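S.K.: Below is the structure I would like to discuss, written out as structure tokens.
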Amino acid sequence: MKAFTRQFHRVLPVIAAFVVLLFNISCATKTSPSMASAKSVYLFTSFHDADQKFLRFLYSFDGFHWTNVPGTFLAANVGVSKQFRDPSIVRGPDGIFHLVWTSAWHGDQGFGYARSKDLIHWSEQKFIPVMTNEPTTVNVWAPEIFFDHGQFIIVWASTIPGRFPDALEKSDNNHRLYYTTTRDFKTLAPAKLFFEPGFSVIDGFVLNDAGRYVLVHKDNTRPMLNLRVAFGDSPIGAWTNVSAPFTQKFTEGPCALKVGADWLVYFDSYREKIYGAMKTRDFKIFTDVTKEVSFPLDHKHGTAFSVPREILDDLLKNSVSLTSTNL
């Protein structure tokens with residue numbers, strides 16, 4: 001009897017993992033006939049504050065209701081702290097996914113990078129230094145990647161003490177947005193200033209709205225700590241017509257997803273410890289739909305994007321072994 005008990009305890013984690021997998025597949029395929037036959041789904045890159053180490057994913061069929069993909073799919077191992085925060089992803093024209101992330105709170109003058117064909121098997125990770133030409137740079141936060149005009153554009157926030165008037169900000173916490181471009185992640189253009197709105201700014205997210213470019217960003221000044229938008233004719237600016245805030249205080253980490261005729265702008269309400277969303281069609285009038293969206297409790301900000309259904313199916317099939325070893 002004791003031998004049987006020991007064997008049962010050994011296989012119990014495996015049984016539990018299979019139960020989680022079957023539950024998620026059931027949710028994905030039996031919620032409605034339209035979901036079961038969906039040819040594309042939405043994914044959301046994610047991380048957890050508790051470990052700040054692993055790449056995770058959420059999935060959704062409607063952009064409003066999000067479910068965890070069980071398991072973790074990348075363990076960060078580059079940078080000063082080997083940290084993993086703020087994962088941003090884009091799929092290139094060749095079908096390859098390119099992932100960038102924050103690799104340290106402070107001390108790093110670059111960010112982490114890896115690529116994948118299927119979001120399961122990843123290349124060797126690289127640390128990409130982008131601010132070494134500014135040796136006093138305090139940090140490189142929340143790199144955001146997108147593809148436009150045949151090149152990848154990566155935007156991030158950095159503080160260079162003394163570069164801009166501090167106002168109410170500390171000299172080591174007065175951010176501006178910078179960027180680089182690349183076609184192959186081997187050769188990158190020198191970093192340049194991306195956005196200088198006259199206040200400390202972080203968490204820049206760029207989108208193409210029918211040929212007009214929109215920059216969603218966080219006003220990181222002490223009185224504000226909320227989200228605004230600016231507009232441009234080019235994916236690298238110049239950015240003008242900075243809006244008034246469209247979220248409440250203590251919101252950050254925006255990303256946007258086109259769902260039907262609407263854009264959903266997701267954000268982290270970090271004091272309330274909830275994930276919220278605004279709906280808009282013109283980036284002038286915003287409707288708060290936070291009560292209409294649902295997210296797993298521990299989700300932190302990343303990038304929402306659309307993929308063929310088979311990408312999700314493969315993630316769910318592969319999540320059992322990864323869950324049992326990484327969670």
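S.K.: Does GLY110 meet the test of being of a type in the set (Gly, Ala, Ser), under 19 Å from the mean Cα position of the chain (by Cα) and either at pLDDT 95 or above or closer than 30 Å to LEU315 by Cβ (or both)? Steps first, please.
M.R.: Details: of a type in the set (Gly, Ala, Ser): yes; under 19 Å from the mean Cα position of the chain (by Cα): yes; either at pLDDT 95 or above or closer than 30 Å to LEU315 by Cβ (or both): yes.
Answer is yes for this residue.
S.K.: In addition: I'd like to check something: does segment 266-280 contain any residue that is at pLDDT 95 or above, in a strand (DSSP E or B), closer than 26 Å to LEU168 by Cα and of a type in the set (Lys, Arg)?
M.R.: no
S.K.: Something else: Tally time: how many residues in segment 55-72 are touching a helix residue (DSSP H, G or I) at 6+ places or on another chain (Cβ under 8 Å), more than 12 Å from GLY302 (Cβ to Cβ) and not β-branched (Val, Ile, Thr)?
M.R.: Of the residues in segment 55-72, the ones touching a helix residue (DSSP H, G or I) at 6+ places or on another chain (Cβ under 8 Å) are 57, 59, 61, 64, 67-72.
Subset that is more than 12 Å from GLY302 (Cβ to Cβ): 59, 61, 64, 67-72.
Then keep just the ones that are not β-branched (Val, Ile, Thr); that gives 59, 61, 64, 68, 70-71.
Qualifying residue count for the region: 6.
S.K.: Let me ask something additional. Name, by its number, the condition in (1) out of contact with any Asp or Glu (no Cβ under 8 Å at 6 or more places or on another chain); (2) of a type in the set (Asp, Glu); (3) more than 21 Å from ALA230 (Cβ to Cβ) that does not hold for ASP118.
M.R.: (1)
S.K.: Tell me which residues, restricted to segment 174-183, are under 28 Å from THR221 (Cβ atoms) and part of a loop (DSSP other than H, G, I, E, B). I'd like the intermediate steps shown before the answer.
M.R.: Pass one, segment 174-183, residues under 28 Å from THR221 (Cβ atoms): 174-180.
Listed by number, the list holds a single entry, ASN174.
S.K.: Please state which of the following conditions ASP203 fails to meet, knowing it meets all the rest: (1) assigned to a loop (DSSP other than H, G, I, E, B); (2) crowded, with 21+ Cβ neighbours inside 10 Å; (3) not small (Gly, Ala, Ser).
M.R.: All conditions pass for ASP203, except number (1).
S.K.: Filter segment 225-242 down to residues that are free of Cβ contacts under 8 Å to residues at least 60 places away in the same chain and buried (at least 16 other Cβ atoms within 10 Å of the Cβ), then give me how many there are.
M.R.: Step one: of segment 225-242, the residues free of Cβ contacts under 8 Å to residues at least 60 places away in the same chain are 225-234, 237-242.
Right, trim to buried (at least 16 other Cβ atoms within 10 Å of the Cβ) and you get 225-232, 237, 239, 242.
Residues meeting the conditions: 11.
S.K.: Identify, by number, the condition in (1) in a loop (DSSP other than H, G, I, E, B); (2) farther than 19 Å from ASP203 by Cβ that TYR59 doesn't meet.
M.R.: Every listed condition holds for TYR59 apart from (1).
S.K.: Then there's this: Just name the residue that is surrounded by the most Cβ atoms within 10 Å (Cβ to Cβ) out of those in segment 168-192 that are touching a Ser or Thr at 6+ places or on another chain (Cβ under 9 Å) and among the polar types (S, T, N, Q).
M.R.: ASN174
S.K.: Let me ask something additional. Residue check: is PRO296 at pLDDT 95 or above and either aromatic (Phe, Trp, Tyr) or touching a Ser or Thr at 6+ places or on another chain (Cβ under 8 Å) (or both)?
M.R.: Values: at pLDDT 95 or above: yes; either aromatic (Phe, Trp, Tyr) or touching a Ser or Thr at 6+ places or on another chain (Cβ under 8 Å) (or both): yes.
Considered against the rule, which asks whether it is at pLDDT 95 or above and either aromatic (Phe, Trp, Tyr) or touching a Ser or Thr at 6+ places or on another chain (Cβ under 8 Å) (or both), PRO296 comes out as yes.
S.K.: I would also like to ask the following. Under the condition of being surrounded by fewer than 21 Cβ atoms within 10 Å (Cβ to Cβ) and of a type in the set (S, T, N, Q), which residue from segment 128-138 is nearest to the chain's Cα centre (by Cα)?
M.R.: Looking at residues that are surrounded by fewer than 21 Cβ atoms within 10 Å (Cβ to Cβ) and of a type in the set (S, T, N, Q), I get THR132.
S.K.: Considering only segment 93-125, state which residues are surrounded by fewer than 16 Cβ atoms within 10 Å (Cβ to Cβ) and either assigned to a strand (DSSP E or B) or among the small types (Gly, Ala, Ser) (or both).
M.R.: If the condition is that a residue be surrounded by fewer than 16 Cβ atoms within 10 Å (Cβ to Cβ) and either assigned to a strand (DSSP E or B) or among the small types (Gly, Ala, Ser) (or both), then GLY95, GLY107, SER123 are the ones that fit.
S.K.: Among THR67, THR29, which is at pLDDT below 70 and surrounded by fewer than 21 Cβ atoms within 10 Å (Cβ to Cβ)?
M.R.: THR29 is the lone residue from the list that is at pLDDT below 70 and surrounded by fewer than 21 Cβ atoms within 10 Å (Cβ to Cβ).
S.K.: Separate question: What are the pairs, 6+ residues apart or on separate chains, where a residue within segment 197-214 that is more than 20 Å from HIS301 (Cβ to Cβ) has its Cβ under 6 Å from a residue that is not aliphatic (A, V, I, L, M)?
M.R.: PHE199/ASP219; PHE199/THR221; TYR213/GLY232; TYR213/PRO235
S.K.: Under the condition of being of a type in the set (Ser, Thr, Tyr) and more than 18 Å from LEU119 (Cβ to Cβ), which residue from segment 276-317 is surrounded by the fewest Cβ atoms within 10 Å (Cβ to Cβ)?
M.R.: Just the residues of segment 276-317 that are of a type in the set (Ser, Thr, Tyr), to begin with: 280, 287, 290, 294, 303, 306.
Still in the running and more than 18 Å from LEU119 (Cβ to Cβ): 280, 287, 290, 294.
Working: THR280: 19, THR287: 11, THR290: 17, SER294: 13.
Ranking the qualifying residues of segment 276-317, first place goes to THR287.
S.K.: How many of the residues making up segment 184-195 are touching a Phe, Trp or Tyr at 6+ places or on another chain (Cβ under 7 Å) and assigned to a loop (DSSP other than H, G, I, E, B)? Don't jump to the end; show me each part of the working.
M.R.: If we filter segment 184-195 for residues that are touching a Phe, Trp or Tyr at 6+ places or on another chain (Cβ under 7 Å), which is where we start, we get 185, 191-195.
So of that shortlist, the ones also assigned to a loop (DSSP other than H, G, I, E, B) come out as 185, 191.
The total comes to 2.
The values are calculated or read from the model by the stated rules, or taken from the named source; none is laboratory data. Keep in mind that what you see is a predicted model, and the values were worked out from it rather than measured. With ideal geometry, Cβ positions are generated from the backbone for all residues, glycine too; neighbour counts draw on all protein chains shown.
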